[in-house]
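Every read-out reported here was derived from the displayed coordinates using simple, explicitly stated rules and does not represent laboratory data. What you see is a predicted model; the values in this text were computed from it and never measured. Because the Cβ atoms are built from the backbone with ideal geometry, glycine has one as well, and the counts that use them run over all protein chains shown.
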Amino acid sequence: MNIAIILAAGKSERLKEISVPKQLYLINRVPLFMYSVLTFNDLEEIDEIHLVTNEQCLSEIEQYVKQYSLTKKVKGVILGGKTRQESVYLALKHLEKIAKDDDIILIHDSARPLLEKETILKNIESAMRYGAVTTAIKVKDTIFSESEDGVDYMISRSRLYQAQTPQSFKYRLIKKAHESAVLNNVFANDDSALIKEIGYDVKIVLGTSTNFKITTIEDIKLLEMMVL
Ligand code: CTP
Ligand code: MG
């Protein structure tokens, strides 16, 4: 099976300008989290979707799932944790009786609403072949670090990528990575980093720049310009 975990348990602390957690913010009368849920739901290659949210959003998210008639594929709406990593860990625990070792688990941030179907399909194909993949795009701008005097030094951008989601893994691998992180107190803001920690390689699947993450009010404005 190919199982999507879609994360919507964050608190949007960098987005004070809107009055609801960003996952529930309406764009064209559709809540933000629903954009990527609908994209996954539309693909016959995706067998199940499990949503992860927090207590504040739970009942609204459950209501939306019914309203959009998604109960066939959306098999669970579960509560996440304090950090993104904990939310993923709890989702993987919840899948213990559902997922098989070789099932592909696609982990996606609902804060990336404009994910393309093609990116999901490439994730599935590569994760089946390699076991662990992250979506990423090549860095286009010059990147530098800051020093007290201003610009410190240029970093060659030829091998730099920006990580995105989905990140997709064989169930057995991602479960092992998260369990090992809990045991060894490893924290990372990205699932691929936890895979690297257990000594396994992560391959790159090229994404698109439209799959950007909604983090600040500027991102909301950009999204509104793109879809309204
Ligand atoms: N996320 C989650 N559980 C958490 C924290 C984050 O499921 N405890 C999810 C968010 O809902 C989001 C994704 O992880 O879809 C990426 O996180 P981010 O953009 O940082 O969202 P927030 O944590 O909500 O925002 P902020 O960091 O500004 O508070
Ligand atoms: Mg966050």
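Descriptive notes on the structure:
- Positive contributions from Lys and Arg (+1) and negative ones from Asp and Glu (-1), summed over other residues with Cβ under 13 Å from the Cβ of GLY131, come out at +1.
- Derived scalar couplings ³J(HN,Hα) [the stretch 52-57; Karplus, 6.51 cos²θ - 1.76 cosθ + 1.60; whole Hz; x for Gly, Pro]: 10, 9, 10, 4, 4, 9
- Pairs beyond 22 Å (Cα-Cα), from LYS82/LYS203; LYS22/LYS82; LYS97/LYS196: LYS82/LYS203; LYS97/LYS196
- Neighbour counting of Cβ atoms within 10 Å sorts the residues GLU197, GLU224, fewest neighbours leading, into GLU224, GLU197.
- In this simple spin-label model, placing a label point 7 Å from the Cα along the Cα-to-Cβ direction at both THR215 and GLU86 gives a separation of 2.2 nm.
- Remark: the stretch 97-114, residue by residue, has Karplus-estimated 3J(HN,Hα) of 8, 10, 8, 9, 3, 8, 5, 9, 10, 9, 9, 10, 7, 5, 5, 10, x, 9 Hz, where x stands for each Gly or Pro and the curve is 6.51 cos²θ - 1.76 cosθ + 1.60 at θ = phi - 60°.
- Likely footprinting exposure, VAL227, VAL65, fewest C-beta neighbours within 10 Å first: VAL227, VAL65
- Helices assigned as whole DSSP H runs in the chain whose Cα atoms extend at least 27 Å along their own long axis and whose mean Kyte-Doolittle hydropathy is -1.0 or higher are not found.
- Added length on full extension, which subtracts the Cα-Cα distance from 0.36 nm per residue, MET225 to ARG172: 15.0 nm
- Whole-Hz couplings from phi, Karplus 6.51/-1.76/1.60, listed for the stretch 150-158; x for Gly and Pro: x, 6, 8, 8, 7, 10, 4, 8, 4
- R0 of 35 Å, Cβ-Cβ distance LYS75-SER147: FRET efficiency to nearest 0.05: 0.10
- Each listed q (0.14, 0.18 Å⁻¹) maps to a log10 I(q)/I(0) for the chain, found by the Debye formula over equal Cα scatterers with no solvent: -0.90, -1.44.
- The order of PHE40, PHE144, going from fewest to most other C-beta atoms within 10 Å of their C-beta, is PHE144, PHE40.
- Gyration tensor verdict on the stretch 112-216 (Cα atoms; rounded if a/c is under 1.5, prolate if a/b is larger than b/c, oblate otherwise): oblate
- When you count the other C-beta atoms within 10 angstrom of each residue and take the mean per peptide, 13-26, 50-63 line up highest first as 50-63, 13-26.
- Neighbour cut-off at most 13 other Cβ (10 Å), DSSP loop, trypsin sites (Lys or Arg not before Pro), the stretch 50-84: LYS72, LYS82
- Once C-alpha pairs closer than 8 Å and six or more residues apart are averaged by separation and normalised to the residue number of the chain, the relative contact order reads 24 percent.
- Dividing the summed -39500 (n - 2.57) terms of all DSSP H runs of n ≥ 4 by the residue count of the chain sets its mean residue ellipticity at 222 nm at -10000 deg cm²/dmol.
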